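Worksheet: one structure, shown below.
The values are calculated or read from the model by the stated rules, or taken from the named source; none is laboratory data. Because the structure is a prediction, the values reported are computed rather than measured. Cβ sites come from the backbone with ideal geometry, for glycine too, and all protein chains shown count toward neighbours.
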Amino acid sequence: MPSAISCRNVGKVFVTGRNRVTALENITLEVPEGEFLTVVGASGCGKSTLLRMLAGLETRTCGDIEAAGVPVTGPGAERGMVFQNYSLYPWLTVLGNIKFARQLSIHTRDRNSSDVETASGRADALLHLMGLAKVASAYPSQLSGGMQQRVAIARALMTRPRILLMDEPFGALDAQTREVMHDLILHVSALEGVTVVFVTHDVEEAIYLGCRVLLMAPQPGRIDSIYEVQLPRHRHQEMKHTAEFLRLKSSIRERISGTCGIRTDTELLQKLSRKATA
């Protein structure tokens, strides 16, 4: 299967005065077309930095990145980005926010009336797909967090990107809303046939959504391991209680702790308790 994303020996060094901090080192990765790849790891391992480089929002120090077969030198129409803080325009309605991407110069070259009509139909289709038709005329301040994130996803999908990059998009949502968004994004990504790279701190979320879970380690940020998720592609919430799901969840959590030197085993806790009461 062709690769939607290809990274070869990618590295990132931040330089401030005389200080040099290696944020990412030797990132080599292939993401097949149509895959839903989730990325986890301890804080400071470079998850968001990697995602921003894939989006063309952050430059790399070394290595090569290709998206949809094209070298990444900046943002591109083939890639959509969804942030945690929604990034909606408060002066635009829901429909206005969704249509905004089509107004950028990169999408307006050589457009004709037929293109405008097609874009309008696309916006209406996304409104219904995301369950936003009844709030099309509302403004972001009038929406819940979950509804705002639906608008952000619809906007990112407006230009039919081949790749959707998501940086902890559901981190600020309550547990119940997050579950609804999980099932929604799985449905939408399958329907659109889009490749997804999804950064999260939540291991359970990573397993439930992902075909594979990429685990990154810190200091410097690097790929530690990749886990295949052996669950049916059509997911449902009850799967989170299966033996396979719980085994994988435990394994990934233990490895994350290991990569950052944090021990949480019972024996260590018992030793600390004994010292505290001595």
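Report whether or not Val151 is at pLDDT 90 or above, aliphatic (A, V, I, L, M), crowded, with 23+ Cβ neighbours inside 10 Å and closer than 23 Å to Val213 by Cβ.
Spelling it out, it is not the case that Val151 is at pLDDT 90 or above, aliphatic (A, V, I, L, M), crowded, with 23+ Cβ neighbours inside 10 Å and closer than 23 Å to Val213 by Cβ.
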Inset, instruction - Could you tell me which residue of the stretch 161-175 is surrounded by the most Cβ atoms within 10 Å (Cβ to Cβ), considering only residues that are in contact with a strand residue (DSSP E or B) (Cβ under 9 Å, 6 or more places away or on another chain) and assigned to a loop (DSSP other than H, G, I, E, B)? - result: Pro169
Inset, instruction - Please enumerate the residues belonging to the stretch 35-47 that are surrounded by fewer than 21 Cβ atoms within 10 Å (Cβ to Cβ) and at pLDDT 95 or above. - result: Glu35
Inset, instruction - Show the residue pairs that are 6+ apart or on different chains and have beta-carbon atoms under 8 Å apart, the first residue being within the stretch 225-240 and within 13 Å of Phe36 (Cα to Cα) and modelled with pLDDT of 95 or more, the second being assigned to a loop (DSSP other than H, G, I, E, B) and not acidic (Asp, Glu). - result: Glu228/Cys211; Val229/Gly210; Val229/Cys211
Legend entry - Verdict on Leu126 being assigned to a helix (DSSP H, G or I), farther than 20 Å from Leu88 by Cβ and either small (Gly, Ala, Ser) or out of contact with any His (no Cβ under 7 Å at 6 or more places or on another chain) (or both): no
Legend entry - Only one of Gly63, Gly74 that is part of a loop (DSSP other than H, G, I, E, B), of a type in the set (Gly, Ala, Ser) and over 16 Å from Leu157 (Cβ atoms): Gly74
Inset, instruction - Residues being within 13 Å of Leu88 (Cα to Cα) and either of a type in the set (A, V, I, L, M) or in a helix (DSSP H, G or I) (or both): count how many of those fall in the stretch 129-145. - result: 6
Legend entry - Residue pairs meeting the criteria (Cβ under 9 Å; at least 6 apart or on separate chains; first within 9 Å of Leu231 (Cβ to Cβ), in the stretch 241-252; second hydroxyl-bearing (Ser, Thr, Tyr)): Phe245/Tyr208; Leu248/Tyr227
Inset, instruction - Inspect the stretch 42-64 for any residue being in contact with a helix residue (DSSP H, G or I) (Cβ under 6 Å, 6 or more places away or on another chain), within 20 Å of Val151 (Cβ to Cβ) and of a type in the set (A, V, I, L, M) and give the result as yes or no. - result: no
